[in-house]
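Participant: Take a look at this one; I'll ask things after.
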Amino acid sequence: MSEPPISRGFQGRGNAARSARVPPGQHLVEDFPVLSAGPTPPVDLANWQLSLDDGETPLAQWSWAQFMALPQTDLTVDIHCVTTWSKLDTRWRGVSIDTLLEAAGLSEPPQPYVLAHCDGGYTTNVPAEDLLDGKAMIAWEYDGDALHPEHGGPARLLVPHLYFWKSAKWVQKLQFVDPEIPGFWEENGYHIYGDPWREQRYDGD
Amino acid sequence: MTVTDTRGPIAPGLAPKKRWLTATVREVTIETPRVRSLVLDVPGWPGHRAGQHVDVRLTAPDGYQAQRSYSIASAPAANTITLTVEMLPDGEVSSYLAGEVQVGDKFELRGPIGGYFVWTPELEGPVFLVAGGSGIVPLMAILRERAAKGALLGAMQPARLIYSSRTYEDIIYRAELEQLAGPGTGLAVVHTLTRGTPAGWTGLARRIDAMMLAEAGIPPDQMPRIFICGPTPLVETVAFTLRELGHSLKLIKTERFGPTGK
């Protein structure tokens, strides 16, 4: 691999400013950028439903009230968007996927992969084990406030150890599948798994 | 020679790794006080589809690197692309690309990226574009491609651009847009200015609203393909309003940039 060309006159913020918590190719932001492929859907808590399906078979459903009655979990995590911004110490509250499985009477995921389905038609795929052991939740509160619709409210999937497109906004259903089914961005040139520490941004990385 | 990547998505997991390519600045154009276009020579660039973007990586003499994504402004072509970059406050990479950079300077890029916010001349139906500020950039790639290829494919589909800028001086590609929208092109461009108008301005001077989208846009019964790009609040408002006006969600594609303001 040849050396990258030096960009004459570029200094940048320098290596000293880099945090060990920021994956390769990322930079820190203080604000919270919004990226979505389509319009933000209106919030409708009265008709909101979260479902777990095994393939085409429904396993469990929760209304908003039932979902809010489940045991809640707090997570403070760093998040990494494939468009190169990272944000440290973001605070979330929601229901862990472990809790959802338990509430559905499941001791383990019925299939090894998950396809998350969202209001507006967005989908994303994640291996089921990446959602377990406290690694992921359905989040409805961000930084102490109800999650804003632009950021996925009323509730989004949160899988902070993968690039943030996996943390699907406006999530409605987790469908357990085998084999893995590529989601929206995964069908549109992005990496099937998306580990920021291995810089798995695009298909082929 | 022009090579256009009009292939659909490759099955995930089968694509080769996108390599970093060296880009050399061939030409710098000052578009507005804060915006510059860079015409780049990129040997090995495979071509792209209008609306796609690239990752840019700068390397400092001490080895420090910084990486960002930028929309491609040019119509698809092999071995060259044009980026149009707005200098952001405290923008580590944009202050270099829209300020320091000179002809002959080099950096790396990788792409094309994104298979969703794209338009190709084969797509049927009118094109309805809504831009805010530098959100015009990927839409300009669409208009340039439409002008370059559209005629070859028979009758040009109608196209409309509603473009919101702060002031007259902030309008990017002003002269070229005027040229692209000439008689017989099927393209109409509607400007609106949100922070002051020059003397004699007879155009629109307010934020994009429902009345503007209804009067200046392409109506829902013509099923236009809609591309919206700009700051998040503009995109949110426009997308929501277009749905209210009866446009199909399936035909609305959005690209947002910038902070949320919260």
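Participant: Among A:LEU157, A:LEU45, A:LEU132, whose mean-square fluctuation peaks in a Gaussian network model of chain A (Cα, cutoff 10 Å)?
Facilitator: Of the options given, A:LEU45 has the highest mean-square fluctuation.
Participant: Using 13 Å as the cut-off for backbone N distance, which residues of segment B:24-61 belong to the label zone defined by a point 7 Å from the Cα of B:ALA175 along Cα→Cβ?
Facilitator: Residues passing the 13 Å test: B:29-32.
Participant: From the square roots a ≥ b ≥ c of the eigenvalues of the alpha-carbon gyration tensor of chain A, which class results: rounded (a/c under 1.5), prolate (a/b over b/c), or oblate?
Facilitator: It is prolate, given that a/c is not under 1.5 and a/b is the larger ratio.
Participant: Further question: Starting from the Cα of B:ARG166, step 7 Å along the direction of its Cβ; do the same at B:ALA199; then give the gap between the two resulting points in nm.
Facilitator: Rounded to a tenth, the inter-label distance reads 2.3 nm.
Participant: Once you order the gyration tensor axes a ≥ b ≥ c over the Cα atoms, which shape class does segment B:149-248 get: rounded for a/c under 1.5, otherwise prolate or oblate by comparing a/b with b/c?
Facilitator: oblate
Participant: Rounding to the nearest 10 and keeping the result within 0 to 90°, find how far the Cα-based axis of helix B:232-244 lies from the longest principal axis of chain B.
Facilitator: 40
Participant: Under a plain spin-label model, where a point goes 7 Å from the Cα along Cα-to-Cβ, how far apart in nm are B:ALA210 and A:ARG21?
Facilitator: Between B:ALA210 and A:ARG21, the label points sit 4.4 nm apart.
Participant: How would segment A:78-150 be classified by its alpha-carbon gyration tensor: rounded, prolate or oblate, with rounded meaning a/c under 1.5 and the a/b versus b/c comparison settling the rest?
Facilitator: prolate
Participant: Might you report the magnitude of the Cβ-based charge dipole of the protein assembly as shown about its Cα centre, with Lys and Arg at +1 and Asp and Glu at -1, to the nearest 20 debye?
Facilitator: Charge dipole, the protein assembly as shown, about its Cα centre: 1340 debye, nearest 20.
Participant: Does anyone have the angle between helix B:136-149 and the longest principal axis of chain B? Alpha-carbon axes, 0 to 90°, nearest 10?
Facilitator: 80
Participant: Antiparallel DSSP bridges in the protein assembly as shown: what percent, to the nearest 5?
Facilitator: Bridges in the protein assembly as shown are about 70 percent antiparallel.
Participant: Further, regarding this structure: Given springs between every Cα pair under 10 Å in a Gaussian network model of chain B, which of B:ASP170, B:ASP90, B:ASP105 has the largest fluctuation?
Facilitator: Residue with maximal mean-square fluctuation among B:ASP170, B:ASP90, B:ASP105: B:ASP90.
Participant: To continue, here is another question. Less than 14 Å apart at the alpha-carbon level, and either on another chain or at least 8 residues along: which aspartates and glutamates does that give for B:LYS149?
Facilitator: B:ASP5, B:GLU122, B:GLU124
Participant: Set the bar at 22 Å for Cα to Cα. Now go through A:LYS135/A:LYS166; A:LYS135/B:LYS253; A:LYS169/B:LYS18; A:LYS166/B:LYS253 and name every pair that lies beyond it.
Facilitator: Table pairs above 22 Å Cα-Cα are A:LYS135/B:LYS253; A:LYS169/B:LYS18.
Participant: Moving on. If the elastic network links every pair of Cα atoms under 10 Å, which of B:GLY114, B:GLY51, B:GLY135 fluctuates the most in the Gaussian network model of chain B?
Facilitator: It is B:GLY114.
Just so you know, all these numbers are worked out from the coordinates, no wet-lab data involved. Since the model is a prediction, treat every value here as computed from it, not as a measurement. All Cβ positions, glycine included, derive from the backbone under ideal geometry; neighbour counts span all protein chains shown.
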